[in-house]
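First the structure, in the form of C-alpha coordinates, and then the observations on it.
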Amino acid sequence: MSPETSAIGILGAGRVGTALARLALGAGYEVRVATGRPPAEIELLLEIMAPGAKAGTAEAAIANSDIVLLALPLSKYRSLKPELLAGKVVVDIMNYWAPTDGTIAEFEGVRSSSEVVQEFLSAALLVRSFNHMGYHEIEEEARPAGDPDRRALAIAGNDPAARGIVAAFVDRLGYDAVDAGPLAASRTFGTGTPIFGATFGRSEMERMLSVEPVA
(Lines give C-alpha, C1' and ligand atoms only; values in the text may rest on other atoms or scores of the structure.)
Protein backbone atom coordinates (compact mmCIF):
# COMPACT_ATOMS: atom_id res chain seq x y z
CA MET A 1 0.00 0.00 0.00
CA SER A 2 1.77 3.13 -1.23
CA PRO A 3 1.59 6.42 0.69
CA GLU A 4 1.55 8.28 -2.64
CA THR A 5 -1.95 9.52 -3.39
CA SER A 6 -3.35 11.82 -6.04
CA ALA A 7 -7.14 11.81 -5.69
CA ILE A 8 -9.28 12.65 -2.68
CA GLY A 9 -12.99 12.02 -2.21
CA ILE A 10 -14.90 14.10 0.32
CA LEU A 11 -18.30 13.05 1.58
CA GLY A 12 -19.89 16.23 2.85
CA ALA A 13 -19.85 19.79 1.54
CA GLY A 14 -20.20 21.81 4.71
CA ARG A 15 -17.58 24.10 6.19
CA VAL A 16 -15.15 21.31 7.05
CA GLY A 17 -15.54 19.51 3.73
CA THR A 18 -15.10 22.61 1.57
CA ALA A 19 -12.14 23.87 3.63
CA LEU A 20 -10.37 20.53 3.19
CA ALA A 21 -11.29 20.54 -0.50
CA ARG A 22 -9.61 23.92 -0.98
CA LEU A 23 -6.52 22.87 0.94
CA ALA A 24 -6.23 19.58 -0.96
CA LEU A 25 -6.65 21.34 -4.30
CA GLY A 26 -3.90 23.75 -3.32
CA ALA A 27 -1.67 20.80 -2.50
CA GLY A 28 -2.18 19.39 -5.99
CA TYR A 29 -4.80 16.74 -5.34
CA GLU A 30 -7.72 15.95 -7.59
CA VAL A 31 -10.80 16.42 -5.43
CA ARG A 32 -14.30 14.97 -5.76
CA VAL A 33 -17.09 15.98 -3.42
CA ALA A 34 -20.38 14.21 -2.81
CA THR A 35 -23.37 14.81 -0.57
CA GLY A 36 -26.79 13.22 -0.24
CA ARG A 37 -28.02 15.52 -3.01
CA PRO A 38 -27.63 15.03 -6.78
CA PRO A 39 -24.26 16.33 -8.06
CA ALA A 40 -25.94 19.07 -10.14
CA GLU A 41 -27.32 20.59 -6.93
CA ILE A 42 -23.88 21.16 -5.39
CA GLU A 43 -21.96 22.23 -8.51
CA LEU A 44 -22.61 25.93 -7.94
CA LEU A 45 -21.66 25.62 -4.28
CA LEU A 46 -18.34 24.06 -5.23
CA GLU A 47 -17.69 26.67 -7.92
CA ILE A 48 -17.90 29.29 -5.18
CA MET A 49 -16.50 27.46 -2.15
CA ALA A 50 -13.96 25.07 -3.70
CA PRO A 51 -13.21 26.03 -7.32
CA GLY A 52 -11.71 23.05 -9.11
CA ALA A 53 -13.40 20.39 -7.03
CA LYS A 54 -15.68 18.05 -8.96
CA ALA A 55 -19.21 17.30 -7.83
CA GLY A 56 -20.21 13.66 -8.06
CA THR A 57 -22.16 10.85 -6.54
CA ALA A 58 -20.84 9.16 -3.43
CA GLU A 59 -20.20 6.05 -5.51
CA ALA A 60 -18.04 7.97 -8.00
CA ALA A 61 -16.23 9.99 -5.35
CA ILE A 62 -15.31 6.81 -3.47
CA ALA A 63 -14.41 4.69 -6.49
CA ASN A 64 -12.13 7.33 -8.03
CA SER A 65 -10.28 8.38 -4.89
CA ASP A 66 -7.23 7.10 -3.03
CA ILE A 67 -8.45 8.52 0.28
CA VAL A 68 -12.03 9.24 1.33
CA LEU A 69 -12.75 11.93 3.93
CA LEU A 70 -15.88 11.66 6.04
CA ALA A 71 -16.94 15.27 6.59
CA LEU A 72 -20.65 14.73 7.12
CA PRO A 73 -22.57 15.13 10.41
CA LEU A 74 -21.84 12.15 12.62
CA SER A 75 -25.56 11.53 13.10
CA LYS A 76 -25.73 10.61 9.40
CA TYR A 77 -22.94 8.05 9.37
CA ARG A 78 -25.35 5.15 8.91
CA SER A 79 -26.37 6.63 5.56
CA LEU A 80 -22.95 5.51 4.28
CA LYS A 81 -22.77 2.28 2.32
CA PRO A 82 -20.16 0.03 3.96
CA GLU A 83 -19.66 -2.07 0.83
CA LEU A 84 -18.50 0.99 -1.14
CA LEU A 85 -15.84 1.81 1.44
CA ALA A 86 -14.52 -1.73 1.85
CA GLY A 87 -10.74 -1.72 1.45
CA LYS A 88 -10.60 2.07 1.18
CA VAL A 89 -8.47 4.36 3.33
CA VAL A 90 -11.10 6.47 5.08
CA VAL A 91 -10.41 9.50 7.27
CA ASP A 92 -12.99 10.12 9.97
CA ILE A 93 -13.22 13.84 10.73
CA MET A 94 -16.59 13.59 12.47
CA ASN A 95 -17.18 14.40 16.14
CA TYR A 96 -19.93 13.64 18.59
CA TRP A 97 -21.21 16.69 20.43
CA ALA A 98 -24.43 15.99 22.33
CA PRO A 99 -25.43 19.68 22.77
CA THR A 100 -25.76 20.01 18.99
CA ASP A 101 -26.26 16.41 17.84
CA GLY A 102 -28.66 15.46 20.59
CA THR A 103 -27.95 12.47 22.79
CA ILE A 104 -27.09 9.41 20.71
CA ALA A 105 -26.83 6.34 22.91
CA GLU A 106 -24.23 4.50 20.86
CA PHE A 107 -21.79 7.40 21.29
CA GLU A 108 -22.30 7.76 25.03
CA GLY A 109 -20.09 4.83 26.00
CA VAL A 110 -16.36 4.48 26.63
CA ARG A 111 -15.48 3.94 22.98
CA SER A 112 -14.59 6.84 20.73
CA SER A 113 -17.04 7.74 18.00
CA SER A 114 -14.51 6.48 15.45
CA GLU A 115 -14.53 3.02 17.01
CA VAL A 116 -18.31 2.94 16.60
CA VAL A 117 -18.01 4.09 12.99
CA GLN A 118 -15.32 1.48 12.30
CA GLU A 119 -17.63 -1.23 13.58
CA PHE A 120 -20.23 -0.11 11.04
CA LEU A 121 -17.67 0.31 8.22
CA SER A 122 -16.03 -2.97 9.18
CA ALA A 123 -14.02 -3.46 5.98
CA ALA A 124 -12.83 0.15 5.65
CA LEU A 125 -9.31 1.15 6.70
CA LEU A 126 -10.48 3.88 9.05
CA VAL A 127 -8.12 6.53 10.39
CA ARG A 128 -9.17 9.41 12.61
CA SER A 129 -7.63 12.84 12.11
CA PHE A 130 -8.46 16.52 11.49
CA ASN A 131 -11.27 16.17 14.03
CA HIS A 132 -9.55 18.11 16.81
CA MET A 133 -9.25 21.45 15.00
CA GLY A 134 -11.86 23.99 13.96
CA TYR A 135 -12.97 24.29 10.33
CA HIS A 136 -11.78 27.92 10.31
CA GLU A 137 -8.24 26.78 11.23
CA ILE A 138 -7.84 24.15 8.51
CA GLU A 139 -6.43 26.57 5.94
CA GLU A 140 -5.12 29.25 8.30
CA GLU A 141 -2.88 26.91 10.29
CA ALA A 142 -1.26 25.03 7.38
CA ARG A 143 2.50 25.58 7.16
CA PRO A 144 5.33 24.19 4.99
CA ALA A 145 7.50 21.41 6.35
CA GLY A 146 10.17 22.70 8.69
CA ASP A 147 8.25 25.82 9.72
CA PRO A 148 8.81 26.27 13.48
CA ASP A 149 5.13 27.18 13.90
CA ARG A 150 3.86 24.11 12.08
CA ARG A 151 0.93 22.53 13.90
CA ALA A 152 0.73 18.82 14.66
CA LEU A 153 -2.31 16.65 14.07
CA ALA A 154 -2.91 13.32 15.76
CA ILE A 155 -3.84 10.27 13.70
CA ALA A 156 -5.12 6.91 14.92
CA GLY A 157 -6.23 3.77 13.11
CA ASN A 158 -5.98 0.01 13.32
CA ASP A 159 -4.14 -0.45 10.02
CA PRO A 160 -0.50 0.76 10.15
CA ALA A 161 -0.24 1.13 6.36
CA ALA A 162 -3.40 3.23 6.27
CA ARG A 163 -1.99 5.42 9.04
CA GLY A 164 1.12 5.91 6.93
CA ILE A 165 -0.95 6.99 3.93
CA VAL A 166 -2.95 9.45 6.01
CA ALA A 167 0.23 10.76 7.66
CA ALA A 168 1.65 11.56 4.22
CA PHE A 169 -1.62 13.27 3.28
CA VAL A 170 -1.59 15.34 6.49
CA ASP A 171 2.02 16.36 5.82
CA ARG A 172 1.26 17.39 2.26
CA LEU A 173 -1.62 19.54 3.45
CA GLY A 174 0.66 21.43 5.80
CA TYR A 175 0.71 19.67 9.17
CA ASP A 176 2.97 17.35 11.14
CA ALA A 177 1.23 14.01 11.65
CA VAL A 178 1.75 12.30 14.99
CA ASP A 179 0.86 8.62 14.96
CA ALA A 180 -1.09 7.80 18.13
CA GLY A 181 -1.47 4.12 17.21
CA PRO A 182 -4.66 2.01 17.09
CA LEU A 183 -8.09 3.56 16.69
CA ALA A 184 -8.80 3.27 20.41
CA ALA A 185 -6.12 5.94 20.90
CA SER A 186 -8.44 8.43 19.21
CA ARG A 187 -10.17 8.67 22.59
CA THR A 188 -7.25 10.90 23.61
CA PHE A 189 -8.09 13.60 21.05
CA GLY A 190 -11.88 13.54 20.91
CA THR A 191 -14.25 16.21 22.18
CA GLY A 192 -13.66 17.19 25.78
CA THR A 193 -9.98 16.15 25.85
CA PRO A 194 -7.04 18.55 26.41
CA ILE A 195 -5.95 18.05 22.79
CA PHE A 196 -9.33 18.91 21.28
CA GLY A 197 -9.32 22.48 20.00
CA ALA A 198 -5.77 23.16 21.25
CA THR A 199 -2.70 23.92 19.16
CA PHE A 200 0.46 21.87 19.63
CA GLY A 201 3.71 21.39 17.75
CA ARG A 202 5.07 17.91 17.09
CA SER A 203 7.01 17.49 20.34
CA GLU A 204 4.12 18.76 22.43
CA MET A 205 1.67 16.50 20.65
CA GLU A 206 3.94 13.50 21.13
CA ARG A 207 4.07 14.30 24.82
CA MET A 208 0.29 14.70 25.03
CA LEU A 209 -0.20 11.37 23.28
CA SER A 210 2.76 9.75 25.10
CA VAL A 211 4.24 8.37 21.90
CA GLU A 212 7.89 7.85 21.04
CA PRO A 213 9.40 10.96 19.37
CA VAL A 214 10.26 10.76 15.68
CA ALA A 215 14.04 10.53 15.28
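With every atom except the alpha carbons ignored, what do you get for Rg and Dmax of the chain, in angstroms?
Computed over the Cα atoms of the chain, radius of gyration and Dmax are 16.0, 48 Å.
First check a/c for the range 141-215, with a ≥ b ≥ c the square roots of the eigenvalues of its C-alpha gyration tensor; if it is under 1.5, answer rounded, and if not, answer prolate when a/b is larger than b/c or oblate otherwise.
Note, shape of the range 141-215 comes out oblate.
What's the extension gain from PHE196 to ASN64 if we count 0.36 nm per residue and subtract their Cα-Cα distance?
Working it through step by step, the gained length comes to 44.4 nm.
Just to confirm, what accessible area per residue do you get for the range 64-215 at 1.4 Å probe, in whole Å²?
Per residue, the range 64-215 has an accessible area of 45 Å².
Please check: in the Gaussian network model of the chain (C-alpha springs, under 10 Å), which one of ALA58, ALA86, ALA154 has the largest mean-square fluctuation.
Judging by the Gaussian network model, the answer is ALA86.
Starting at the first residue of the range 146-161, write each ³J(HN,Hα) from the Karplus equation 6.51 cos²θ - 1.76 cosθ + 1.60 with θ = phi - 60°, in whole Hz, x for Gly and Pro.
x, 5, x, 9, 5, 7, 9, 10, 7, 10, 8, x, 7, 9, x, 5
So for the range 91-154, considering every pair of alpha-carbon atoms, how many percent are separated by more than 15 Å?
Here the long-distance tail beyond 15 Å is 62 percent of all Cα pairs in the range 91-154.
Under 5 Å between amide hydrogens, which residues at least 5 positions from ASP66 or on another chain qualify, with H placed 1.01 Å from N in the peptide plane?
SER6, ALA7, ILE8, GLY9
State to the nearest 20 debye the size of the charge dipole of the chain about its Cα centre, where the only charges are +1 on K and R beta carbons and -1 on D and E beta carbons.
Dipole about the Cα centre, nearest 20: 200 debye.
Can you give me the % of accessible surface on the chain that is carbon or sulfur? Probe 1.4 Å, all protein chains present, nothing else counted.
53 percent
The values are calculated or read from the model by the stated rules, or taken from the named source; none is laboratory data. All of these numbers come straight from a predicted model, not from anything done at the bench. We place every Cβ from the backbone using ideal geometry, glycine too, and count neighbours over all the protein chains shown. All accessible areas refer to the heavy atoms of the entire protein, side chains included, with ligands and DNA or RNA removed. Shrake-Rupley method; radii C 1.70, N 1.55, O 1.52, S 1.80 Å.
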